[in-house]
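J.: Starting off with a structure, shown below.
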Amino acid sequence: MGINHLYRKIRFGKPIVVVSGLPRSGTSMTMKMLSEGGLELLTDGIRTADDSNPEGYYELEKVKELGKAADLSWLQDARGKGIKVISYLLRFMPQTLNYRVIFMHRNLHEVIASQNKMLEQRGESNETPDDRLLTLFEQEEKKSKHLIAARSCFDSIDVNHKDVLAEPIRQAERINQFLGGGLDAERM
């Protein structure tokens, strides 16, 4: 841990564990892993499980207030707990707190296919052509990774969706180590 991170920990307290990435990149799966491992999550259950996410979404509606002129004091209560924040909203996280970001990656063609299937199951359609979505998603991942690297409030680990499916124990142990080692990696 660098001196800047130590200073931030002393000044701002426990980090908020943030699971981030593009939609459909494995963020809900990772939130479930954290919950199983023993991390308290901030969720509200408003978005319930469905065919696209049978285990649930693990979301908190207040996260959608990021980027709006809203009261974000609730984030103080998130210290030491886990929340899910899509990559685009990371830029609105107050820099007066510490964050441990688990950034999920998934093959972008799989992300698009999963999103299209989810929309179809809801009776909705995607108006953006897949090739345009691919470009937008590539740009968003690049911007988010640059932002994380540029802000001292963020520590991050990259986790690939396919690696979690192929080596769940190994990836759970990586995540656990990144978060300080207090979770049950076997249960994750």
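J.: From Gln95, Gln115, Gln121, grab the single residue that is out of contact with any helix residue (DSSP H, G or I) (no Cβ under 7 Å at 6 or more places or on another chain), at pLDDT below 95 and loosely packed, with under 12 Cβ neighbours inside 10 Å.
T.: Details: Gln95 fails: loosely packed, with under 12 Cβ neighbours inside 10 Å; Gln115 fails: loosely packed, with under 12 Cβ neighbours inside 10 Å.
Going through Gln95, Gln115, Gln121 in turn, just one is out of contact with any helix residue (DSSP H, G or I) (no Cβ under 7 Å at 6 or more places or on another chain), at pLDDT below 95 and loosely packed, with under 12 Cβ neighbours inside 10 Å: Gln121.
J.: Sort through Val111, Val101 and tell me the only one that's under 30 Å from Leu72 (Cα atoms), part of a helix (DSSP H, G or I) and of a type in the set (A, V, I, L, M, F, W, C).
T.: Numbers: Val101 fails: part of a helix (DSSP H, G or I).
Matching residue, one of Val111, Val101: Val111.
J.: So which residues in the range 141-176 are surrounded by 17 or more Cβ atoms within 10 Å (Cβ to Cβ), over 25 Å from Leu97 (Cβ atoms) and among the hydrophobic types (A, V, I, L, M, F, W, C)?
T.: Within the range 141-176, Val164, Ala172 meet the criteria.
J.: Give just the number: which of (1) within 16 Å of Lys32 (Cα to Cα); (2) of a type in the set (A, V, I, L, M); (3) touching a strand residue (DSSP E or B) at 6+ places or on another chain (Cβ under 9 Å) does Met93 not satisfy?
T.: Against the list (1) within 16 Å of Lys32 (Cα to Cα); (2) of a type in the set (A, V, I, L, M); (3) touching a strand residue (DSSP E or B) at 6+ places or on another chain (Cβ under 9 Å), Met93 comes up short only on (1).
Let's see how each residue does on (1) open to solvent by less than 30 Å² (accessible area, probe 1.4 Å); (2) closer than 23 Å to Phe178 by Cα:
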site: Gly56; (1), (2): yes, no
site: Glu61; (1), (2): no, no
site: Gly67; (1), (2): no, no
site: Ala78; (1), (2): yes, yes
site: Gly82; (1), (2): yes, yes
site: Arg100; (1), (2): no, yes
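J.: Given the criterion at pLDDT 95 or above and open to solvent by 20 Å² or more (accessible area, probe 1.4 Å), identify the matching residue among Leu90, Leu39, Leu22, Leu6. I'd like the intermediate steps shown before the answer.
T.: Values: Leu90 fails: open to solvent by 20 Å² or more (accessible area, probe 1.4 Å); Leu22 fails: open to solvent by 20 Å² or more (accessible area, probe 1.4 Å); Leu6 fails: at pLDDT 95 or above.
Within the list Leu90, Leu39, Leu22, Leu6, the selection yields Leu39.
J.: While we're on this one: Could you look through the range 137-188, keep only residues that are at pLDDT 95 or above and polar (S, T, N, Q), and pick out the one that is nearest to Arg106 (Cα to Cα)?
T.: Here the residue is Asn160.
J.: List the number of the failed condition for Ile46; all other conditions in (1) surrounded by fewer than 19 Cβ atoms within 10 Å (Cβ to Cβ); (2) closer than 20 Å to Leu147 by Cα hold.
T.: Ile46 satisfies every listed condition except (2).
The values are calculated or read from the model by the stated rules, or taken from the named source; none is laboratory data. Since this is a predicted model, take the numbers as computed values, not measurements. Quick reminder, even Gly has a Cβ in these numbers, built from the backbone with ideal geometry, and neighbours come from all protein chains shown. What goes into the accessible areas is simple: the full protein's heavy atoms, side chains included, and nothing from ligands, DNA or RNA. Shrake-Rupley method; radii C 1.70, N 1.55, O 1.52, S 1.80 Å.
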